[in-house]
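Contents: one structure, followed by commentary.
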Amino acid sequence: MKAVLVLGLLVATAACRERGSPPAAIGAAPDPTPASAESGMPMVATPEPVASIAAAVPSDPVGAVADPAAHADALRADPARCLARTGQTVSREAQAIHRWVDASGIVHYADRAPTGAVREHRRIALGGLPPVSVEASGYDVNLPADVHARAVADAVAIDRVLRQVFAADDDDRLALRVVFVASAQAYERFVGEPALARSAGAYSARERTVYVRMQGDAALTFRVLRHEIVHALVHERVGHLPTTLNEGLAGYFERFEAAGQGGRVDFSDVRAQLAAAAPQDPAATLTELLALDGPAFYRSEPERRYAQALALVAVLMRDAAGRAALGELLARQRAEPCDPIASEAVLEARYPGGLAALAGDLAGWMRAPDAGSPHW
């Protein structure tokens, strides 16, 4: 059964991501630990799905080209092409949501009036904030009634924190498309890559679409969705952020729980996994981690890479000085979105004590992660 929820809602957003060459699905999160098992690193399930993403290469939204070098030069000449820019499709005017039930009993939400025979149609007026258009659809699953509300709440809350970090204050519209899939076979067809078939979620830069495989537990499904929303936000506003930082941000915010005007991040259930991945040689580990980009990030010990990337962002986010360093990284990447920024130079200059201090802080935090939950 197919369910479609199409919303024109008013919210705020920031951040973005782009990549090099096909395939189209990028930023895939491996299957989370099943609900019946002990909860572990949220983006890692078993060695098989983790290994399967090693070949995941981010996509080029412009499509395949005969001369990659000429194409790269063209992108650099027009940096805007390296951003998703979905917000340009979203109306600046006050919007309304139309709600109705079709002949099959499926509830629809859309920013346009229905056609044909429907029942219980009503128009819900909205206003106040710049709009974000969110389209959530179930390919082979009837979506729970709160999917659209949760997706919007998470996107708005995560965006609010990101905007605080890198001080984005310009047009903040976003068009977010999410497809939920139950069947593993259908999911593989959507992401288009056998290597991603066992992942739990993927963001396609070419299609500007988030694909989420429905999990046995709703909390895990929304965790995957938050992970991929971050990739969409990064693609919208920031650009080709180095993979370590991109996955670190996604891993950090997939643990984000919106609450009112803010939210919290909880690491309590992954403390053991973080400690197990703590580096023996912090300086060498940090140097290697920051040098990784694209497929190289996933190729060797991806469980450890994901844990270390999450920890790196957590350390940068835990105090004002770290957030200032991360904010400058994001701002500089946004200014030149087509090529990954040299993050080492920025962190050496902006993090208190430079890379040596950051390496020590990273190792120390992983051995004893915050017991509490950072609040925003």
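The values are calculated or read from the model by the stated rules, or taken from the named source; none is laboratory data. Small disclaimer: the values here were computed from a predicted structure and weren't measured. FYI the Cβ positions are ideal-geometry reconstructions off the backbone, even for glycines, and counts take in every protein chain you see.
Details
- Residue check, Val238 buried (at least 23 other Cβ atoms within 10 Å of the Cβ), of a type outside the set (S, T, N, Q) and either touching a residue at least 12 places away in the same chain (Cβ under 8 Å) or on the phi < 0 side of the Ramachandran plot (or both): yes
- Where a residue in the stretch 282-293 is within 16 Å of Gly364 (Cα to Cα) and its partner, wherever it lies, is part of a loop (DSSP other than H, G, I, E, B), with Cβ under 7 Å and at least six apart: Thr285/Pro279
- Taking the stretch 272-376 as the region of interest, the helices (runs of 4 or more DSSP H) fully inside it that hold 1 or more residues being at pLDDT 95 or above and crowded, with 18+ Cβ neighbours inside 10 Å are 282-291, 302-317, 320-335, 343-350, 354-367.
- Cβ-Cβ distances below 7 Å connect the following pairs, each with a first residue in the stretch 178-202 that is closer than 20 Å to Gly216 by Cβ and without any contact (Cβ under 8 Å) to a residue 24 or more places away in the chain, a second residue that is surrounded by fewer than 24 Cβ atoms within 10 Å (Cβ to Cβ) and aliphatic (A, V, I, L, M), and a separation of six or more residues or different chains: Glu188/Ala197.
- Thr209 falls short of the stated requirement of being touching a residue at least 40 places away in the same chain (Cβ under 8 Å), in contact with a strand residue (DSSP E or B) (Cβ under 9 Å, 6 or more places away or on another chain), of a type in the set (S, T, N, Q) and surrounded by fewer than 24 Cβ atoms within 10 Å (Cβ to Cβ).
- The criterion of at least 1 residues that are modelled with pLDDT under 90, more than 30 Å from Thr287 (Cα to Cα) and of a type in the set (Val, Ile, Thr) is met, among helices (runs of 4 or more DSSP H) falling completely within the stretch 141-244, by 147-166, 184-191.
- Scanning the stretch 252-301 for residues that are closer than 26 Å to Gly354 by Cα and of a type in the set (S, T, N, Q) yields a total of 3.
- Sole exception among (1) within 24 Å of Glu328 (Cβ to Cβ); (2) among the hydrophobic types (A, V, I, L, M, F, W, C); (3) surrounded by fewer than 24 Cβ atoms within 10 Å (Cβ to Cβ); (4) out of contact with any Lys or Arg (no Cβ under 8 Å at 6 or more places or on another chain) for Ala259, by number: (1)
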